[in-house]
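A short worksheet on the structure shown next.
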Ligand SMILES: Nc1ncnc2c1ncn2[C@@H]1O[C@H](COP(=O)(O)OP(=O)(O)OP(=O)(O)O)[C@@H](O)[C@H]1O
Ligand SMILES: [Mg+2]
């Protein structure tokens, strides 16, 4: 599962925010340091952790669009011991639109989850909006695990299948970008990925043409 966990489902009102707040609280009660990161312009997580939105000067929106603003600089303590929050405000909607034109736009959050922030916490819980847009994509790219709260109804489960497909695609496209950091080709780093299989196919083509 890893320590950075996205809580996602494009369906609204299924309990994502409730899960982020209460899983966060439960982890803290067991002695873990938790960062709740609000990636939903509705800012329910921020409000639910007792933050007055009028007091939020800088939010995750600024972090995503301004390269000079670090994630660490917006983190605030909450009323709950061992639970900090990276707050969102309604401005996050506009930031998502702005981010759309940025290079590496799906990696914006991952790039901001710097080691010093991640090492400060045992768990980082990311509350996603009820869409499969750029914000959720950023959460999925940044996360090492995903929790998908679901309603146990037929149509709800169909939506989950679509989400799982996207997660699979993200993990693979992300993998080829990560491989150089590990200093090995994708065929070693993630041999089962589509990218590795494509390069093996290409290699076979090269070998075939050379014969
Ligand atoms: N396990 C649960 N049992 C009962 N009620 C719940 C549970 N989880 C969530 N709820 C209720 O369901 C409603 C929606 O929950 P929540 O806001 O957490 O969903 P969400 O997926 O974050 O919504 P959105 O998609 O709008 O962000 C709230 O009124 C919440 O109190
Ligand atoms: Mg929510």
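What to note about this one:
- In segment 132-203, counting only helices (runs of 4 or more DSSP H) that sit wholly within it, the ones holding 1 or more residues that are in the same structural domain as residue 103 (by TED's automatic domain parsing), free of Cβ contacts under 8 Å to residues at least 60 places away in the same chain and within 22 Å of the chain's Cα centre (by Cα) span 134-142.
- The listed residues are 97, 117, 124, and the only one of them that is in a helix (DSSP H, G or I), in contact (Cβ under 8 Å) with a residue 40 or more places away in the chain and more than 20 Å from residue 162 (Cβ to Cβ) turns out to be 117.
- Scanning segment 1-46 for residues that are more than 10 Å from ligand 2 (Cβ to nearest atom), buried (at least 16 other Cβ atoms within 10 Å of the Cβ) and either free of Cβ contacts under 8 Å to residues at least 60 places away in the same chain or assigned to a helix (DSSP H, G or I) (or both) yields 23, 24, 25, 27, 28, 46.
- Scope segment 100-116; condition surrounded by 12 or more Cβ atoms within 10 Å (Cβ to Cβ) and either outside the structural domain of residue 142 (by TED's automatic domain parsing) or within 12 Å of residue 67 (Cβ to Cβ) (or both); matching residues: 102, 108, 111, 112
- Condition met for residue 70 (in contact (Cβ under 8 Å) with a residue 40 or more places away in the chain, farther than 21 Å from residue 119 by Cα and either more than 16 Å from ligand 1 (Cβ to nearest atom) or out of contact with any helix residue (DSSP H, G or I) (no Cβ under 6 Å at 6 or more places or on another chain) (or both)): no
- The residues of segment 119-131 that are over 8 Å from residue 5 (Cα atoms) and either more than 10 Å from ligand 1 (Cβ to nearest atom) or within 10 Å of the chain's Cα centre (by Cα) (or both), listed by number, are 119, 120, 121, 122, 127, 128.
- Matching option when the condition is farther than 27 Å from residue 155 by Cα, within 16 Å of ligand 1 (Cβ to nearest atom) and more than 14 Å from the chain's Cα centre (by Cα), among 56, 47: 47
The values are calculated or read from the model by the stated rules, or taken from the named source; none is laboratory data. Because the structure is predicted, anything quoted here is derived from the model rather than measured. Reconstructed Cβ throughout: ideal geometry from the backbone, glycine too, with neighbour counts over all protein chains shown.
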